[in-house]
Amino acid sequence: MNRNQKIKNTVPYIAMTAPAVLLFLIFFVIPLFFTIRYSFYNWTNYSPDITFSGLSNYVKIPEDKMLKTSIKNSLLFATATVVIQSVITMPIAVVLNSKLRGRNIFRAIFFMPVVMSTLVVGYLWKYLLSSSDYGFVNQIITGLGFEKINFFGNGNVAMWTIILVEVWQWFGWAMVIYLGNLQNISGDLFEAASVDGANAWDRFWHIIVPGLAPAIKINVVTGMINGLKVFDIIVATTNGGPAHRTETILTSMYSKFSDGNFGYASAYGTVFLVVAMIVACILLGGFKKWEERLGQ
Amino acid sequence: MMKKKLAWLCIGCMAVSVLAGCGGNADAGNDTPAQQEASEEAGEEAVEGEADSPAEGSGEAAGNGETISMMCWYDEDDMEGVVNAVNEQLNGEYVLEYTYVALSDYNNVLSTQLAAGEGPDIVADETDFLARIKAGNLMDISDMDIISEFSEDGFALCSEGGKYYGIPSYGWFAGIWYNQDILDECNVTLPKTLEEFIEACRTIQAAGYEPVGFGLADGDTAHANLFGYLENVFYHNNDKNADGIGFDEKFARGEVSFEGNINEHVEKWYRLIEEGFITSEMLGISNEEALNNFIAGRTAFFNGGPWQYTSFADAGIHFGMMPQLSDTGENVYVIGGAAASYGINANTKNEAGAKAVLSALGSVEAQQAMLESNPGGMSYRNGVIANMPEEYESVRDAIDNGNISYAANRWSVDMPAASLVDESISQIQGLISGDLTVDEYIAALDAKADSIRYE
């Protein structure tokens with residue numbers, strides 16, 4: 001194949017990917033570049049001047065009272081959603097991978113919340129779990145003779161309530177990824193294990209879990225990153241309250257924008273990017289080692 | 001070969017779809033049916049108008065139905081009369097297109113658009129209007145004739161250095177709504193002081209009603225209640241505060257702090273929480289739910305203003321409004337001031353159209369329509385008749401005496417006041433949940449103020 005022929009064959013592929021690359025550049029790379037750039041500027045909504053301020057925005061960040069709370073909450077949210085989701089989803093995926101009657105209906109039901117808008121899910125649960133007389137869940141709880149639970153108004157309960165709402169919405173997504181991976185595990189392995197006298201637990205632990213390593217990696221890494229950048233479900237349910245108890249990194253960043261300090265908010269966003277990248281690198285490194293140990 | 005052709009066909013389709021998606025037709029494609037209808041009507045009228053007298057009077061070219069955009073947090077229902085009044089006056093030269101944005105998102109949406117050099121032609125804002133002026137987002141409209149039609153008080157939030165950048169929409173105030181039937185049933189007379197209010201709440205609670213309704217998951221009503229009380233006991237009627245309302249300008253500029261000044265008053269107000277009238281359960285209730293409880297006759301008192309009047313009247317409840325809480329019941333205040341002011345975006349591409357719309361927004365008809373959506377509200381416009389229904393009898397003296405005042409309006413001279421209000425709302429949640437003491441609440445306000453002052 002000569003050089004011209006090679007170029008001719010490559011052009012359609014470049015042209016096919018170009019729209020996606022273009023959109024990625026416009027909506028991700030360029031805004032990212034400007035966010036980092038403006039993090040070094042003093043840019044507010046009360047002054048027409050945008051002046052270079054060096055690292056001054058970054059110097060202010062450690063003094064920010066919300067920083068510790070928001071990082072702690074973001075990490076709690078990300079870790080808890082990933083762990084709870086994995087613990088619930090994996091066994092369900094295994095069951096739905098078997099020859100269960102009506103399994104397609106269950107798959108569809110479990111996946112249904114995924115297609116809903118997160119804001120809609122947030123507002124829906126906000127009303128279902130309201131501590132007013134209109135709250136459906138509390139009506140049931142009090143009807144059974146128990147005390148009302150202040151799901152979103154109690155600072156000790158609110159974050160866990162949001163975590164459970166998030167798990168409810170997204171566990172269908174994780175389930176689909178596990179299911180896809182489960183279908184790639186060879187049936188021969190199970191037959192061989194049966195011949196060797198392995199019980200259900202042995203099969204789950206020594207065949208299914210290692211076989212699901214790629215799916216676990218995808219779910220954990222994307223789950224952690226999505227968890228760290230949680231925003232919409234918080235805004236829809238508690239808006240960071242009560243008393244900032246459910247504030248996360250991105251809701252804090254949003255409030256910096258509300259204060260009109262765009263440069264500082266950009267610095268906050270850049271710090272978040274670095275934190276998210278560090279977490280992603282640690283996780284990917286860990287999974288690489290695990291996969292090497294499994295010989296994959 | 002076939003594969004290659006198919007690939008090129010796919011590329012062509014994708015390119016067309018991307019380009020089609022990027023393209024826009026602001027006049028037709030994105031309009032709602034109602035907007036299209038308005039545009040069509042305006043267009044027809046414009047054609048008729050041209051035949052009679054093209055660009056009559058103004059000396060400028062007619063807009064031929066060009067759209068002038070405006071955005072605000074007032075309900076579309078409330079603004080319908082205003083928009084209709086404006087469009088009638090524009091007579092098809094321009095068409096005012098109104099977009100509603102929820103108050104909770106408004107500041108960010110508008111700030112982002114203005115920072116990008118875009119945004120609506122008509123900019124509406126309240127306490128942060130001064131910030132928009134400082135940022136150069138608004139046009140100096142001092143030379144417009146409409147300015148002389150308003151009283152000077154109306155320009156409190158939209159003038160700077162002797163120049164005018166906006167006109168007021170109307171004047172708002174907020175007091176405490178009460179359900180007269182519940183008071184009668186519990187044999188409670190309308191309380192005038194904080195002590196009497198607490199006593200009334202005890203009696204009402206004992207009768208099985210909710211004494212005060214607060215939806216504090218998203219509402220600012222507890223903040224309004226506290227700062228209403230502070231208007232009566234700290235900013236006014238208080239010998240210890242020699243600066244009066246001038247305290248807030250000093251506070252905004254960082255010369256004084258709340259710490260050590262308002263503590264004793266907030267401690268007194270805190271009794272509403274200690275006595276169990278404001279509860280942590282309210283932190284899980286939205287303002288809308290609390291409002292529904294009041295409308296349903298389950299709650300005796302509810303902090304609010306004229307924008308809720310129609311809902312109460314339509315529900316057929318027997319209600320009224322009392323002033324904010326005080327210690328003596330004398331020289332009492334309601335909180336309030338100029339509501340949203342309308343200005344012209346400095347980056348508008350249609351200055352003539354925006355000026356025409358602003359003049360129409362300042363007309364008697366448009367200002368009257370605004371009051372009709374907010375029965376009891378005030379107007380700063382000459383010639384507008386403000387009717388005050390009998391439900392406002394208990395606040396009439398306060399309003400007639402001009403006892404309308406709100407700290408956040410004064411903070412805006414040197415900080416984005418809305419941000420401090422948001423912080424107060426969040427920290428009051430902590431006060432109610434027991435996470436914060438009164439002193440910590442006040443310290444949190446001072447700390448927030450220190451972090452958001454204009455530099």
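The values are calculated or read from the model by the stated rules, or taken from the named source; none is laboratory data. All values reported here derive from a predicted model rather than from experimental measurement. Note that we place each Cβ from the backbone using ideal geometry, even for glycine, and neighbour counts take in every protein chain shown. For the accessible areas, the whole protein counts, side chains as well, though only heavy atoms, and no ligand, DNA or RNA atoms are used. Shrake-Rupley method; radii C 1.70, N 1.55, O 1.52, S 1.80 Å.
For this structure, a couple of remarks:
- Cα→Cβ-extended label distance, 7 Å offset, between B:ASP439 and A:LEU119, nm: 4.3 nm
- Sequence-separation-based contact order of the stretch A:66-295, relative, with Cα cut under 8 Å and 6+ spacing, percent: 30 percent
- Taking θ as phi - 60° and the Karplus parameters 6.51, -1.76 and 1.60, the scalar couplings of the stretch B:370-376 work out to 5, 5, 5, 7, 10, x, x Hz in sequence order, x denoting glycine and proline.
- Distance violations [Cα-Cα > 27 Å] among B:LYS163/B:LYS349; A:LYS256/B:LYS268; A:LYS60/A:LYS229; A:LYS72/A:LYS256; A:LYS256/A:LYS288; B:LYS250/B:LYS448: A:LYS256/B:LYS268; A:LYS256/A:LYS288
- For chain B, adding -39500 (n - 2.57) for each run of n ≥ 4 DSSP H residues and dividing by the number of residues yields -13500 deg cm²/dmol at 222 nm.
- Inter-label distance for B:ASP239 and B:LYS268, nm, one decimal - labels placed 7 Å from Cα along Cα-to-Cβ: 1.4 nm
- Fraction of accessible area attributable to carbon and sulfur, chain B (%, probe 1.4 Å): 47 percent
- Sequence-distant residues sharing a close amide H with A:ASN42 (under 5 Å, placed H): A:THR51, A:PHE52, A:SER53
- Pairs of alpha carbons in the protein assembly as shown whose separation is greater than 50 Å (percent): 25 percent
- In order through the stretch B:204-211: 3J(HN,Hα) via Karplus (6.51 cos²θ - 1.76 cosθ + 1.60), integer Hz, x for Gly, Pro: 5, 5, 5, 7, x, 9, 7, x
- Rounded D (µm²/s) - the stretch B:126-244, Kirkwood Rh over Cα pairs, Stokes-Einstein at 4 °C, 1.567 mPa s: 71 µm²/s
- Chain A: most fluctuating residue of A:ASP259, A:ASP196, A:ASP232 per GNM, C-alpha cutoff 10 Å: A:ASP196
- Whole-Hz ³J(HN,Hα) from phi, Karplus 6.51 cos²θ - 1.76 cosθ + 1.60, for the stretch B:139-144, glycine and proline x: 7, 6, 10, 4, 7, 7
- Accessible-area value, A:TYR123, 1.4 Å probe, nucleic acids and ligands omitted, Å²: 110 Å²
- Per-residue SASA remark: B:GLU249, around 90 Å² accessible (1.4 Å probe; ligands, DNA and RNA not included).
- Computed with a 1.4 Å probe on the full set of protein chains, the accessible area for A:SER47 sits at about 40 Å².
- Debye-sum result for the stretch A:66-295 in log10 I(q)/I(0), which assumes one identical scatterer on each alpha carbon, at q = 0.10 Å⁻¹: -0.57
- Rolling a 1.4 Å probe across the protein heavy atoms gives chain B an accessible surface of 42 Å² per residue.
- Kirkwood hydrodynamic radius (C-alpha pairs) into Stokes-Einstein, the stretch A:44-173, 4 °C and 1.567 mPa s, D in µm²/s: 70 µm²/s
- Accessible surface ranking for A:THR118, A:THR79, 1.4 angstrom probe, highest first: A:THR79, A:THR118.
- Accessible surface ranking for A:VAL83, A:VAL279, A:VAL195, B:VAL266, 1.4 angstrom probe, highest first: A:VAL195, A:VAL83, A:VAL279, B:VAL266.
- Chain B, relative contact order in percent, only Cα pairs under 8 angstrom and at least six apart counted: 23 percent
- Distance in nm between pseudo-label sites at A:VAL95 and B:GLU288 (7 Å out along the Cβ direction from Cα): 3.5 nm
- Largest accessible area first, the listed residues B:MET415, A:MET116 line up as A:MET116, B:MET415 when surface is computed with a 1.4 Å probe on the assembled protein chains.
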